[in-house]
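The values are calculated or read from the model by the stated rules, or taken from the named source; none is laboratory data. On a predicted model such as this, the values are computed, not experimentally measured, just so you know. Here the Cβ positions follow ideal geometry from the backbone for every residue, glycine too, while neighbour counts run over all protein chains shown. The area values use the complete protein model at the heavy-atom level, side chains included, leaving out ligands, DNA and RNA. Shrake-Rupley method; radii C 1.70, N 1.55, O 1.52, S 1.80 Å.
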Amino acid sequence: MAIKIISAEFIKGAVKPEQYPSLPVPEFAFFGRSNVGKSSLINMLVNRKNLVKTGSRPGMTREVNFFLVNRPSAVPVSEIAGKKNIFALVDLPGYGYAKVSGGVIQKIDSMLYDYCTNRQNLQTIFFLIDMRREPGEIEKNSIAFFQSYNIKVVIVGTKADKLKKNDLAKVTRNWVDFFSVDAESIIPSSASKKLGKERILACVEEQLFEQP
């Protein structure tokens with residue numbers, strides 16, 4: 001049984017390191033192409049419909065958004081260090097924007113770089129990829145970048161409910177070959193069907209258990 005979610009709250013959005021909140025807990029970030037379903041997946045994981053704003057228009061997330069999970073209401077944020085099962089989820093801006101300027105894209109890329117290279121509490125990046133899309137070099141290179149900073153990466157295939165069972169198995173096999181990972185490193189998911197929830201939370205719990 002994966003970790004139980006008791007509560008979830010939005011802490012703040014930030015565009016540069018000096019704006020990041022001081023959260024002395026492990027962080028788990030969600031990254032992927034614009035409109036891949038990051039916000040919907042986070043809402044599904046924490047049993048909330050509207051904790052993270054969602055929309056059909058790509059590019060809704062333009063900040064690094066921090067959410068604190070399982071903080072007891074009586075415990076101030078400044079006193080949560082070392083408390084059991086408290087962690088943060090981070091919604092990162094997406095990539096592949098079709099309708100924003102080059103300057104905006106550059107700022108978003110800078111935000112992602114700053115977060116990944118400066119946030120010491122970052123434990124895992126859940127890399128979301130639409131299972132109906134064929135991944136390319138940008139996905140492969142992004143994973144290599146994260147791994148170069150010793151950040152654990154878990155590939156989450158979104159919108160898996162849109163595929164038939166045989167097609168889902170085929171895509172998973174193709175991704176295993178393309179990314180040179182084992183099948184256990186790929187988690188098919190669906191926010192609407194709550195598919196993949198237990199496996200993702202199990203990954204979170206495993207990292208929490210390893211904390212000193």
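Within the shell of other residues whose beta carbon sits under 10 angstrom from the beta carbon of Gly157, the net charge comes to +2, with Lys and Arg scored +1 and Asp and Glu -1. For the chain, carbon and sulfur atoms together expose 49% of the accessible surface, with a 1.4 angstrom probe and every protein chain in place.
Computed over protein heavy atoms with a 1.4 angstrom probe, the accessible surface ordering of Phe145, Phe87, largest first, is Phe145, Phe87.
For the chain, the membrane-span-like helix rule (DSSP H, alpha carbon extent of at least 15 Å along the helix axis, mean Kyte-Doolittle at least 1.6) picks out no helix; this says nothing about an actual membrane. Using Cβ point charges alone (K and R +1, D and E -1), the dipole size of the chain about the Cα centre works out to roughly 880 debye.
More than 28 angstrom separation, counting every C-alpha pair in the chain; what % is that? Taking all Cα-Cα pairs of the chain, the fraction more than 28 Å apart is 24 percent. Extents of region 1-90, largest first, come to 38, 36, 18 Å (Cα atoms, principal axes, whole angstrom). Taking 25 Å as R0, compute the FRET efficiency from the Cβ-Cβ separation of Ala81 and Asn47 and round it to 0.05. Computed FRET efficiency for Ala81 and Asn47: 0.50.
Each residue was assigned an accessible area with a 1.4 Å probe, and for Glu198 the value is about 90 Å².
Accessible area per residue for the chain is 53 Å², calculated with a 1.4 Å probe on protein heavy atoms, without ligands, DNA or RNA.
For a straight C-alpha distance cut-off of 20 angstrom, the lysines reachable from Lys53 (same-chain residues fewer than eight places away being disregarded) are Lys12, Lys38, Lys99, Lys159, Lys193, Lys194, Lys197.
The Kirkwood radius of region 98-212, taken over pairs of alpha-carbon atoms, gives through the Stokes-Einstein law at 37 °C and 0.692 mPa s a diffusion coefficient of 210 µm² s⁻¹.
Expressed as a fraction of 2.2 N^0.38 Å, the value expected for a compact globular protein of N residues, the C-alpha radius of gyration of region 161-202 is 1.19. Cβ-Cβ distance of Ser7 and Asn121, R₀ of 22 Å, FRET efficiency by 1/(1 + (r/R0)^6): the value works out to about 0.70.
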